[in-house]
């Protein structure tokens, strides 16, 4: 599980740990990843934590190889690490745009690529995090929308590519979830971004990371063995 230090990543790692999974908690925030792993082991589960910068392709290959050697070949790859930043497009530095694409899109590919040889062996699955921002446009959010739209189409492409080889690939598309990334979004001063965000979801009530984790756990389970190439909204009707 990438992005395991907090939010949806932590909730997902804990969910898999509670169901008997042996969990590799991966995050650039090593202390946070260790705290997540400790919460799993303290509850009687099995977990290890490792630092991982998903934008470092060599580090990705090395860490996934270490995880496979130490815990066994992975059966589930959850790509949850992500970043975001609101900005007017004419003002956003290209480096900021590139960073969001590198983490949210290229990082998903790099981790999936490293896991796929093992998943082909275990006949496992990949579950990615897309977003409502990958389904429709959002103001001041061009980089994030582009990255998550890319995740959705990459998910579908890989699902078709690996369908006959026994590896399922799905994604969830949350909106309005109360996580550190939504708290850390930088809003555009003088814009209507705050009012826009208040409308998501339309109930005015935010979802929890655990709600997303439960859907991820289902998509990774044998009960979802006939589901691949799906982008599952978790948004209280935002994209309906």
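Tally time: how many residues in region 51-65 are in contact with a helix residue (DSSP H, G or I) (Cβ under 8 Å, 6 or more places away or on another chain) and closer than 17 Å to residue 82 by Cα?
Within region 51-65, residues that are in contact with a helix residue (DSSP H, G or I) (Cβ under 8 Å, 6 or more places away or on another chain) and closer than 17 Å to residue 82 by Cα number 7.
Within the group 121, 90, which residue is surrounded by fewer than 23 Cβ atoms within 10 Å (Cβ to Cβ) and in contact (Cβ under 8 Å) with a residue 24 or more places away in the chain?
Result of the check over 121, 90: 121.
Residues that are modelled with pLDDT under 90, surrounded by fewer than 19 Cβ atoms within 10 Å (Cβ to Cβ) and over 17 Å from the mean Cα position of the chain (by Cα): which helices (runs of 4 or more DSSP H) entirely in region 171-240 hold 2 or more of them?
Because the criterion is at least 2 residues that are modelled with pLDDT under 90, surrounded by fewer than 19 Cβ atoms within 10 Å (Cβ to Cβ) and over 17 Å from the mean Cα position of the chain (by Cα), the helices (runs of 4 or more DSSP H) in region 171-240 that meet it are 193-198.
In this structure, does residue 35 turn out to be surrounded by 19 or more Cβ atoms within 10 Å (Cβ to Cβ) and either modelled with pLDDT of 95 or more or assigned to a helix (DSSP H, G or I) (or both)?
Considered against the rule, which asks whether it is surrounded by 19 or more Cβ atoms within 10 Å (Cβ to Cβ) and either modelled with pLDDT of 95 or more or assigned to a helix (DSSP H, G or I) (or both), residue 35 comes out as no.
Please enumerate the residues belonging to region 49-67 that are in a strand (DSSP E or B) and touching a strand residue (DSSP E or B) at 6+ places or on another chain (Cβ under 6 Å).
49, 50
Which condition does residue 1 not pass, out of (1) touching a strand residue (DSSP E or B) at 6+ places or on another chain (Cβ under 9 Å); (2) more than 30 Å from residue 142 (Cα to Cα), if it passes all the others?
Only one criterion is unmet by residue 1, namely (2).
Condition first: at pLDDT 95 or above and within 21 Å of residue 24 (Cα to Cα). Can you find one or more residues in region 96-104 that meet it?
Checked region 96-104: at least one residue is at pLDDT 95 or above and within 21 Å of residue 24 (Cα to Cα).
Consider residue 70 carefully, then state whether it is loosely packed, with under 14 Cβ neighbours inside 10 Å, touching a strand residue (DSSP E or B) at 6+ places or on another chain (Cβ under 9 Å) and in a helix (DSSP H, G or I).
yes
Report the residue count in region 134-151 for those that are touching a residue at least 24 places away in the same chain (Cβ under 8 Å), buried (at least 19 other Cβ atoms within 10 Å of the Cβ) and farther than 23 Å from residue 52 by Cα.
5
Report yes if residue 4 is buried (at least 19 other Cβ atoms within 10 Å of the Cβ) and farther than 23 Å from residue 120 by Cα, otherwise no.
Answer is yes for this residue.
The values are calculated or read from the model by the stated rules, or taken from the named source; none is laboratory data. Computed from a predicted structure; not experimentally measured. Every residue, glycine as well, gets a Cβ built from its backbone with ideal geometry; the counts of neighbours run over all protein chains shown.
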